[in-house]
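> Structure below; questions to follow.
The values are calculated or read from the model by the stated rules, or taken from the named source; none is laboratory data. Note that the structure is a prediction, hence the values are computed from the model and not measured. Note: ideal-geometry Cβ built from the backbone for every residue, glycine included; neighbour counts use all protein chains shown. Just so you know, the surface numbers come from the protein's heavy atoms only, side chains and all, with ligands and any DNA or RNA stripped out. Shrake-Rupley method; radii C 1.70, N 1.55, O 1.52, S 1.80 Å.
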Amino acid sequence: MTASVQPAEQSAATTLLRFATAGSVDDGKSTLVGRLLHDSKSVLTDQLEAVALASTNRGQEAPDLALLTDGLRAEREQGITIDVAYRYFATPRRRFILADTPGHVQYTRNMVTGASTAELAVVLVDARNGVVEQTRRHAAVAALLRVPHVVLAVNKMDLVEYAEPVFAAIAEEFTAYAASLGVPEITAIPISALAGDNVVEPSAHMDWYGGPTVLEHLETVPVSHDLTECHARFPVQYVIRPQTAEHPDYRGYAGQIAAGVFRVGETVSVLPSGRTTTIEGIDALGESVGVAWAPQSVTIRLADDIDVSRGDLLAPADDAPAVTQDVEATVCHVADRPLAVGQRVLLKHTTRTVKAIVKDIPSRLTLDDLSQHPAPGQLVANDIGRVVVRTAEPLALDAYAASRRTGSFLLIDPADGTTLTAGMAGASFAAVTAGAAEAAGTAADDAEWDF
Amino acid sequence: MSTVATVPEGTVHPYALSHLDSLESEAVHIFREVAGEFERPVILFSGGKDSILMLHLALKAFAPAPVPFTLLHVDTGHNFPEVLEYRDRTVAEHGLRLHVASVQEYIDAGKLRERPDGTRNPLQTVPLTEAIQQHRFDAVFGGGRRDEEKARAKERVFSLRDEFSQWDPRRQRPELWQLYNGRHAPGEHVRVFPISNWTELDVWQYIEREGIELPGIYFAHEREVFNRSGMWLTAGDWGGPKEHEKVETRQVRYRTVGDMSCTGAVDSDATTLDDVITEIAASRLTERGATRADDKMSEAAMEDRKREGYF
Ligand SMILES: Nc1nc2c(ncn2[C@@H]2O[C@H](COP(=O)(O)OP(=O)(O)OP(=O)(O)O)[C@@H](O)[C@H]2O)c(=O)[nH]1
Ligand SMILES: [Mg+2]
């Protein structure tokens, strides 16, 4: 439910920000989310009553705000988050889709799920424990997924007497680590999710901090419209051919624009075949338009009657991706069963699924120092590694860094459909520009590759 | 040590999408993925606002071609007559094909037993599952939204179900980017929730924007109701009121439409879409909290029903 502070000001035309929480188990992610929802008055009376009752039944004195998102029976019994919870709230300035993810290493795949669609990640750290292995893993996942904005929330400041040096040391360590991952910019905020300091309201205990609260930052961070500045890409999902008396000759290619902008009259290539044609018309869910952009769902009509079907990609003729059967990528392994060299898999890329074989696993990432452990032979659950895959058919694949949507893929077990890995084509992390470690906050140069 | 983003306020990007357009585009993408990858998809259509919204989005997704799916309604036998009338009119208008799974037939045949409290919502699971098996549906669209309930908040857009329709919340497939993995073994199926990310307010704002017609019971009207466990239920031959329950005429509307035996009306004078939107934006109760007896049964009532194969 989205009842905001000032409902009257909520217009249907506000922007949407998708963000995810991250960080180690018990660092306070769900409590922060609960606090954010509660203090922005997004929790309704019956939800709050239910949480208060559930907390009392568990012998807790105050309502446990984590119960607002820890909704599964097993989660409540164990006091941990197991799977992503999606919550929705709005302020007069913006609407939010929030994914509260689990910190437990066993459920990293669910964190990857929540972060894969996020435009911003809030990484929490317990001020008493500082940066731990799972903080590093989640920061690495966020960097790999190229989540555009990363916020560090140093939580439980109430347990370290709201002391600035504690915050500063953690912020420094994390920022340096993030910089070595190529994360261009970190916003660090000292908070107490439990007490509400710097979550929605500025803290009365930390005069030394002059930056925004978590909510202020979420409300003002620029929502990335970068998508429309990227190379234009249109994976064909479905061919619309009514063959009715009214529309005997209509033939349209339905899909969601993955990146960039398409215009009527533009010359496009159809990949992997490579044939070119012209965009004759664009139907945008009920009206014909001259221009359409990501992530609109549209139907494109082409001037020539050429063979186009689900799995093909339309791209500007002068800016089309190369077509390849050899994929080099970084993967997050998300299945309990391992991925081994020689394994036969299915590769799902945009709207195309093809047979593939794992040719090589050149390295696995060591989280502590980000070094590459060579030739591990296989990847197991929660590993991050490099893979080389050969596909049975050509793919129009972009580097993930250039295009999230057309540079990402899944490897699937053909036997039972299990999702094995999340793949990102090309180099893993954005290159670290000279001096980035000292001056974190400088945007790393995406054109450089570190592999 | 840290940098804080400074943002130029009020800059509108030429290629921005409003949040309703983003949600619409996402839902259309999901419908088209299913059309492209499954053999026998079906839309669960109850005549409630969420399923009406789904159908509207599906019609837009495939226009000017017809929707490549059939519809399935699980009829509890306690449905609102206005809603059934709406359902049949809509099916006829768009030339759709409707399957009906009837809870009443299951009760009459002795395959299901009426519950002591008379509510039939939990009884829908068996007819639903058997209809899915019988027609070999491989993708089943539901109008569930994550903002409705805390167990729903955990569900994927593509939710794999075994041959008994069971949901195992601890073994959900990772769902990465917009790459929905719908592969399943024979006998299994995938529940698909295209409007997962919509809130109640989004639904109403979109209904207003698109001029979608709804059954009249969503707007304030005079109705004979009686109070049971704090909810206004419609008097009728489904089993209410009992002797001590007093019937009165009140001005009410429905925020959700399900089975008459467990869906409550709310006091309201919202007669137009504008009024409804204003009322919802100001409401301090969730739609299920205000209107659903079935969710109040226990802390994990929805999770338990979903595990068993409920919508
Ligand atoms: N003192 C104090 N305790 C906190 C604060 N934030 C969270 N906690 C407590 O830390 C414990 C864990 O909080 P959760 O919010 O469940 O942690 P989480 O990060 O969501 O954990 P997982 O989802 O299982 O990874 C709970 O007992 C919280 O009450 C804080 O700011 N101060
Ligand atoms: Mg949690």
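> Taking segment A:68-192, how much of its Cα-Cα pair set, in percent, is spaced more than 26 angstrom apart? Before the final figure, lay out the partial values.
Details: 1742 of 7750 pairs.
So the portion of pairs separated by more than 26 Å is 22 percent.
> Starting from segment B:187-225, pick out the GluC sites (Glu not before Pro) whose DSSP state is loop and whose Cβ has at most 13 other Cβ atoms within 10 Å. Don't skip to the answer; put the middle values down first.
Details: sites: B:188, B:200, B:208, B:210, B:213, B:222, B:224; in loops: B:188, B:213.
Sites meeting the loop and neighbour criteria: B:213.
> With a 10 Å radius around each residue's Cβ, average the other Cβ atoms per peptide and rank A:356-362, B:44-50, highest first.
B:44-50, A:356-362
> Using a 1.4 angstrom probe and counting only protein chains, how large is the accessible area of residue A:388 in Å², to 10?
40
> Let me ask something else about it. How large is ³J(HN,Hα), in whole Hz, for each residue of segment A:93-109 in order, when computed from phi with the Karplus curve 6.51 cos²θ - 1.76 cosθ + 1.60 and θ = phi - 60°, using x for Gly and Pro?
So the Karplus estimates, Gly and Pro as x, are 8, 6, 10, 10, 10, 10, 10, 8, 9, x, x, 4, 4, 4, 10, 3, 4 Hz.
> I would also like to ask the following. What does the accessible area of residue A:149 come to, in Å² to the nearest 10, when a probe of 1.4 Å is used?
30
> Report the rotationally averaged projected area of segment B:217-296 based on its alpha-carbon convex hull, in square nanometres.
5.0
> For segment A:10-220, what is the Kirkwood estimate of the hydrodynamic radius, computed as the reciprocal of the mean inverse distance between distinct Cα atoms, to one decimal in Å? Mind dumping the intermediate values first?
On the way: mean 1/r = 0.0587 Å⁻¹.
For segment A:10-220, the Kirkwood estimate is 17.0 Å.
> May I ask for the longest run of chain A untouched by GluC sites (Glu not before Pro) that are loop-located per DSSP and have at most 15 neighbouring C-beta atoms (other than their own) within 10 Å? Could you put the intermediate results ahead of the total?
Details: sites that count: A:61, A:161, A:246, A:438, A:448.
By the stated rule (loop sites, at most 15 other Cβ atoms within 10 Å), A:247-437.
> If you don't mind, another one. Residues of segment B:28-44 with accessible area at least 40 Å² lower in the all-protein-chain context than alone (1.4 Å probe)?
B:29, B:32, B:33, B:37
> Sticking with this structure for a sec: Return, for the Cα atoms of segment B:175-311, the radius of gyration and Dmax in Å, separated by a comma.
My reading of the Cα-based Rg and Dmax gives 17.9, 55 Å.
> Next question, about the same structure. What ratio of Cα Rg to 2.2 N^0.38 Å holds for segment B:226-273?
My calculation over the Cα atoms of segment B:226-273 gives 1.15.
> Okay, moving on. What ranking do B:121-127, A:376-382, A:177-183, A:205-211 get when scored by the average of other Cβ atoms within 10 Å per residue, highest first?
Put in order of decreasing packing, that is A:177-183, B:121-127, A:376-382, A:205-211.
> Can you compute the equivalent ellipsoid semi-axes for chain A, i.e. the square root of 5 times each eigenvalue of the Cα gyration tensor, sorted largest first and rounded to whole Å?
Working: eigenvalues 311, 149, 89 Å².
For chain A, the ellipsoid semi-axes come out as 39, 27, 21 Å.
> If you don't mind, another one. How high is the FRET efficiency from residue A:176 to residue A:48, r the C-beta distance, R0 41 Å, rounded to 0.05? All intermediate terms of the calculation are to be shown ahead of the outcome.
Details: r = 40 Å, r/R0 = 0.98.
About 0.50, to the nearest 0.05.
> Just the Kirkwood number for the protein assembly as shown, please: inverse of mean 1/r across all distinct Cα pairs, in Å, one decimal.
Answer for the protein assembly as shown: a Kirkwood hydrodynamic radius of 27.0 Å.
> Related question: Tell me what chain B gives for mean residue ellipticity at 222 nm when only DSSP H runs of n ≥ 4 count, each as -39,500 (n - 2.57), the sum divided by the residue total, rounded to 500 deg cm²/dmol.
So the helix-based figure for chain B works out to -9500 deg cm²/dmol.
> So how much accessible area does residue B:168 have, in Å² to the nearest 10, using a 1.4 Å probe?
70
> Mind listing the long-range amide H neighbours of residue A:393? Cut-off is under 5 Å, sequence gap 5 or more, other chains count too, H placed in the peptide plane at 1.01 Å from N.
Close amide H contacts, sequence-distant or interchain: A:355.
> Considering the Cα trace of chain B, what is its radius of gyration and what is Dmax, both in angstroms?
My reading of the Cα-based Rg and Dmax gives 20.2, 72 Å.
> Over its Cα atoms, what ratio of radius of gyration to 2.2 N^0.38 Å does segment A:232-316 give?
Taking the Cα Rg and dividing by 2.2 N^0.38 Å, one obtains 0.98.
> Under a 1.4 Å probe, what is the accessible area of segment B:217-296 per residue, stated in Å²?
Per residue, segment B:217-296 has an accessible area of 42 Å².
> Roughly how many percent of the accessible protein surface of segment B:217-296 is carbon and sulfur, given a 1.4 Å probe and a whole-percent answer?
Summing carbon and sulfur atoms, their accessible area is 49 percent of the total for segment B:217-296.
> What is the log10 of I(q)/I(0) for segment A:287-415, computed with the Debye formula using one identical point scatterer on each Cα and no solvent, at q = 0.09 Å⁻¹?
The computed values of log10 I(q)/I(0) come out as -0.34.
> Within 10 Å of each Cβ in A:84-97, how many Cβ atoms from other chains are there, averaged over the peptide?
Per residue, the number of nearby Cβ atoms from other chains is 5 on average.
> Kindly sort B:73, B:94 by accessible area of their heavy atoms, largest first, with the probe set to 1.4 Å.
B:94, B:73
> Something else: List the trypsin sites (Lys or Arg not before Pro) within segment A:80-161 that fall in a DSSP loop (any state other than H, G, I, E or B) and whose Cβ has at most 13 other Cβ atoms within 10 Å. Provide the component values of the computation, followed by the final result.
Numbers: sites: A:87, A:93, A:94, A:95, A:109, A:128, A:136, A:137, A:146, A:156; in loops: A:93, A:128, A:146, A:156.
Within segment A:80-161, the qualifying trypsin sites (Lys or Arg not before Pro) (loop, at most 13 other Cβ atoms within 10 Å) are A:128.
> Ballpark to the nearest 100 Å², how much total accessible area do A and B bury together, probe 1.4 Å? Mind showing how you got there, number by number?
Working: alone 19740 and 15770 Å², together 28010 Å².
So the total buried area for this chain pair works out to about 7500 Å².
> Please compute, for peptide B:165-171, the average count of beta-carbon atoms on other protein chains lying within 10 Å of each residue's beta-carbon. It would help to have the intermediate numbers written out before the result.
Working: counts 0, 0, 0, 0, 7, 7, 2.
That works out to 2 on average.
> In degrees, nearest 10, range 0 to 90: what is the angle between the Cα axis of helix A:164-180 and the longest Cα principal axis of chain A?
20
> Could you list which residues have their amide H under 5 Å from that of residue B:47, counting only those 5 or more apart in sequence or on another chain, with H placed in the peptide plane?
Here the answer is B:52, since their amide H atoms fall under 5 Å of that of residue B:47.
> Could I ask something else about it? How far is it, in nm, from the label point at residue A:318 to the one at residue A:245 when both lie 7 Å from their Cα along the line to the Cβ?
Here the modelled spin labels are 4.7 nm apart.
> Turning to a different aspect of this structure: Could you give P(r) for segment A:138-277, binned at 10 Å from zero, as whole percent values over all Cα-Cα pairs?
Going from the shortest bin to the longest, the percentages are 10, 26, 22, 14, 13, 11, 4, 1.
> Count, for each residue of A:296-303, the Cβ atoms from other chains sitting within 10 Å of its Cβ, then give me the mean as a whole number.
For peptide A:296-303, the averaged partner shielding equals 4.
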